[in-house]
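The values are calculated or read from the model by the stated rules, or taken from the named source; none is laboratory data. No experiment lies behind these values; they were computed from the predicted model shown. Every residue, glycine as well, gets a Cβ built from its backbone with ideal geometry; the counts of neighbours run over all protein chains shown. For the accessible areas, the whole protein counts, side chains as well, though only heavy atoms, and no ligand, DNA or RNA atoms are used. Shrake-Rupley method; radii C 1.70, N 1.55, O 1.52, S 1.80 Å.
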Amino acid sequence: MLYKEFVELYERCTLGNCTPQEQKLFEEYRDNFDLSDMPWTSDFGNKAEIEQRLKTDLQNRLFKNQVKHLIPVGWWAAAAAVVFVLGGLLFANKYFNSNTKPYQLASDKNIIKPGGNKATLTLADGKQIALDGLRKGKLFTLNDVTVNNDVDSSITYQKTASQITGKSQPYNVLSTPRGGKYQITLADGSKIWLNAGSTIKFPVDFTSDERAVELSGEAYFEVAHDAMRPFKVTSAGQVVQVLGTHFDINAYPDEAAVKTTLLQGSVKVYRKNQTAITQQIIIKPNEQAVFKSDKLSKTTVDADEFVAWKNGVILFKNADIHDVMSKIARWYNVEIEYQGQIGNDTYNGEIPRNAAFSEVIKILKLDDINVKSSGRKLIVSQ
């Protein structure tokens, strides 16, 4: 449909894969019009007439570069509305009386968009359920626990009967892809927000003397208080133990260190071998435990920086280029390629997680980061 292809052409232009004339035209449209709420009206003539005017205007602007000013707002509003009403109109020679060969639209897989609510739930028997925030309601009931996919793009495990202590429970796994995020409420009421490219393994219900989960990637935890049963998170060789508190763990396999950042309460972080704890530290709010090269240490931080992702912001404070690019790569699902000698500069700033990828590139360039895109690859050079 024309609207979709209009958006694709805009994406093509902002990624630098179009002519200067196309780039100028679509930047003007973006900067001057909001097309998201334009209802159809018949005040501007019949559909066939507006369709022809729209085709003629686009032909002149994209291929002949003769029109230097935008069409009036009222007319464009009507024409834009036709986009949603007239299906099947393509940018092709059969619609344009022109000898100019139309460009080839970029495929959907190469259009880079911000991440969103999507995840996969894997059950103990291997069955997988795709979660995208669209399928609402009850998914299944198992061992007196009902599992629902909720309207706010989160999955909830809710007990429907009293807990049976000691009863063995199957494990489920919630995974987000690169460019995905999701929230889960466990059977004890603890809430977990999964960042992009992350996995959490957990029991359907907690029936032993401890509540244990396993994490790969990054997650923010709001653990329900239970003085009798500690909550433990195992990730990349370390264990975080709490009774009830708020904290973030960054444990991506490709990161140099595992970072546990505390917002509220207190947390014990430790390493252990098969028989005993080998290292442990206690952190307090605005402190961070760092597990690197088999050693635990702690440092003082601004905790809000490390949970900004949960609140819709990619935030950088004195971050090196690799930290900047790895966060962007996970959320926008792109590959990063470094060319030449990359400096040791640090960067400060923030990028809204709903920003168009073209805007991300502009922000990076404003910070003197030399980047260019090629398909789903972002090339960083000196």
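So the values come out like this:
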{"quantity": "Above-threshold pairs, the threshold being 32 Å between Cα atoms, out of Lys118/Lys317; Lys284/Lys372; Lys136/Lys292; Lys127/Lys159; Lys292/Lys377", "calculated": "Lys284/Lys372; Lys136/Lys292"}
{"quantity": "Of Lys113/Lys259; Lys201/Lys232; Lys201/Lys310, those spanning more than 23 Å from alpha-carbon to alpha-carbon", "calculated": "Lys113/Lys259"}
{"quantity": "Calculated Rg and Dmax of the range 148-227 using C-alpha coordinates, Å", "calculated": "12.7, 38"}
{"quantity": "Loop-resident sites, the range 160-253, for GluC sites (Glu not before Pro), counting at most 14 other Cβ within 10 Å (DSSP)", "calculated": "Glu210"}
{"quantity": "Loop sites in the range 242-306: chymotrypsin sites (Phe, Trp or Tyr not before Pro), DSSP, at most 12 other Cβ within 10 Å", "calculated": "none"}
{"quantity": "Percent accessible area from carbon and sulfur atoms, the range 200-330, protein chains only, probe 1.4 Å", "calculated": "47"}
{"quantity": "Overall Cα dimensions of the range 174-293 - principal axes, largest extent first, Å", "calculated": "36, 34, 30"}
{"quantity": "Cα gyration tensor shape for the range 284-382, rounded if a/c is under 1.5, else prolate or oblate", "calculated": "prolate"}
{"quantity": "Shape of the range 239-296, Cα gyration tensor, a/c cut at 1.5", "calculated": "oblate"}
{"quantity": "Computed lengthening from Ser293 to Ile111, 0.36 nm per intervening residue step minus Cα-Cα distance", "calculated": "61.7 nm"}
{"quantity": "Whole-Å distance, taken between Cα centres, linking the range 297-317 and the range 179-223", "calculated": "19"}
